[in-house]
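A.B. asks: If you scroll down you'll find the structure; I have some questions about it.
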Amino acid sequence: NAGVTQTPKFRVLKTGQSMTLLCAQDMNHEYMYWYRQDPGMGLRLIHYSVGEGTTAKGEVPDGYNVSRLKKQNFLLGLESAAPSQTSVYFCASSYRGHTEAFFGQGTRLTVV
Amino acid sequence: AQSVTQLGSHVSVSEGALVLLRCNYSSSVPPYLFWYVQYPNQGLQLLLKYTSAATLVKGINGFEAEFKKSETSFHLTKPSAHMSDAAEYFCAVWEGGSEKLVFGKGMKLTVNP
């Protein structure tokens, strides 16, 4: 039982490069979330999805795009990376919004 | 929009002392409230959650939290701290209208021997 798996775990990007972070869950959860964690800022919601084919903006969506083509996967894209996007990114999923959220191990992204 | 406030960023207690981590929420409707814990270099895991069934909620590892509507609070407590409790603790709120799970800024707990 893998739970929530994030790929990759570490990445260094140059300013202007693009990349996609993959989140996969095997629990048949409807809800999926992408957060970024920065010192002193806690977890800030980037985008979320309440079901396959749906996405919505969170608190800090600028510079990011997402897709949920399959129920088990939630992709986070950075089209043109900026140093301000240096952060630890966490994906989470839950069966419903008010049920327990399960988190991945995080992706540490550095943009130079 | 719903939000949670965790005042301060760091708390330090002695082993065996009471742990009290404060959380205040803002919500236009009855919320679902959560406490999560994050150990170093790991993701978050659920400690406990409030879903309106009972105002005093017991969680894992001896933690509990009390929902007080009049104070819009959901403070986390543990009677006796253990070294293994050193971690960062996050309060979170989910509101049905917005469908968002929103976290506070977190509180880093240090336990001194």
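The values are calculated or read from the model by the stated rules, or taken from the named source; none is laboratory data. In this text, all values refer to a predicted model and were calculated from it rather than measured experimentally. Neighbour counts are summed over all protein chains in view; Cβ atoms, including those assigned to glycine, are modelled from backbone coordinates with ideal geometry.
A.B. asks: State which residue pairs qualify: first residue in contact (Cβ under 8 Å) with a residue 12 or more places away in the chain and inside segment B:66-78, second residue surrounded by fewer than 15 Cβ atoms within 10 Å (Cβ to Cβ) and part of a strand (DSSP E or B) in any location, beta carbons under 7 Å apart, and separation of 6 or more residues or different chains.
C.D. replies: What qualifies is B:T72/B:S26; B:H75/B:L20; B:T77/B:L20.
A.B. asks: Quick check on segment A:7-44: of everything there that is within 11 Å of another protein chain (Cβ to nearest Cβ) and in contact with a Leu (Cβ under 7 Å, 6 or more places away or on another chain), which residue is surrounded by the fewest Cβ atoms within 10 Å (Cβ to Cβ)?
C.D. replies: A:Q37
A.B. asks: Looking for whichever is closer than 25 Å to A:G40 by Cα, within 11 Å of another protein chain (Cβ to nearest Cβ) and either buried (at least 17 other Cβ atoms within 10 Å of the Cβ) or within 13 Å of the chain's Cα centre (by Cα) (or both) here; the options are B:L7, B:L47. Which one fits? I'd like the intermediate steps shown before the answer.
C.D. replies: Details: B:L7 fails: within 11 Å of another protein chain (Cβ to nearest Cβ).
Of the residues listed, the single one that is closer than 25 Å to A:G40 by Cα, within 11 Å of another protein chain (Cβ to nearest Cβ) and either buried (at least 17 other Cβ atoms within 10 Å of the Cβ) or within 13 Å of the chain's Cα centre (by Cα) (or both) is B:L47.
A.B. asks: Let me ask you something else. From the list A:A56, A:A101, exactly one residue is at the interface with another protein chain (Cβ under 9 Å from one of its Cβ atoms) and over 24 Å from B:Q42 (Cβ atoms). Which is it? Step through it out loud before you land on a result.
C.D. replies: On the way: A:A101 fails: over 24 Å from B:Q42 (Cβ atoms).
Exactly one of A:A56, A:A101 is at the interface with another protein chain (Cβ under 9 Å from one of its Cβ atoms) and over 24 Å from B:Q42 (Cβ atoms), namely A:A56.
A.B. asks: Looking at B:V13, B:V102, B:V37, B:V57 in this structure, which one is within 14 Å of chain A (Cβ to nearest Cβ) and farther than 24 Å from A:G106 by Cβ? Can you show your working first?
C.D. replies: Details: B:V13 fails: within 14 Å of chain A (Cβ to nearest Cβ); B:V102 fails: farther than 24 Å from A:G106 by Cβ; B:V37 fails: farther than 24 Å from A:G106 by Cβ.
Result of the check over B:V13, B:V102, B:V37, B:V57: B:V57.
A.B. asks: Quick check on my filter: what residues within segment A:74-99 are within 14 Å of A:N28 (Cα to Cα) and surrounded by fewer than 15 Cβ atoms within 10 Å (Cβ to Cβ)?
C.D. replies: Going residue by residue through segment A:74-99, those that are within 14 Å of A:N28 (Cα to Cα) are A:74, A:92-97, A:99.
Of everything in segment A:74-99, those that are within 14 Å of A:N28 (Cα to Cα) and surrounded by fewer than 15 Cβ atoms within 10 Å (Cβ to Cβ) turn out to be A:Y95, A:R96.
A.B. asks: Just a yes or no: is a residue in segment A:89-98 farther than 19 Å from B:S98 by Cβ and hydroxyl-bearing (S, T, Y)? Explain how you work it out, then say what you get.
C.D. replies: First, the residues of segment A:89-98 that are farther than 19 Å from B:S98 by Cβ: A:89-91.
Filter once more, keeping what is hydroxyl-bearing (S, T, Y): A:89.
Yes: segment A:89-98 contains one or more residues that are farther than 19 Å from B:S98 by Cβ and hydroxyl-bearing (S, T, Y).
A.B. asks: Confirm whether B:E95 is at pLDDT below 95 and either on the phi > 0 side of the Ramachandran plot or touching a strand residue (DSSP E or B) at 6+ places or on another chain (Cβ under 9 Å) (or both).
C.D. replies: Values: at pLDDT below 95: yes; either on the phi > 0 side of the Ramachandran plot or touching a strand residue (DSSP E or B) at 6+ places or on another chain (Cβ under 9 Å) (or both): yes.
Yes; evaluated as a whole, the condition is true for this residue.
A.B. asks: Just need a number here: residues in segment A:45-73 that are crowded, with 16+ Cβ neighbours inside 10 Å, of a type in the set (S, T, Y) and either in a strand (DSSP E or B) or in contact (Cβ under 8 Å) with a residue 24 or more places away in the chain (or both).
C.D. replies: Final tally of qualifying residues: 3.
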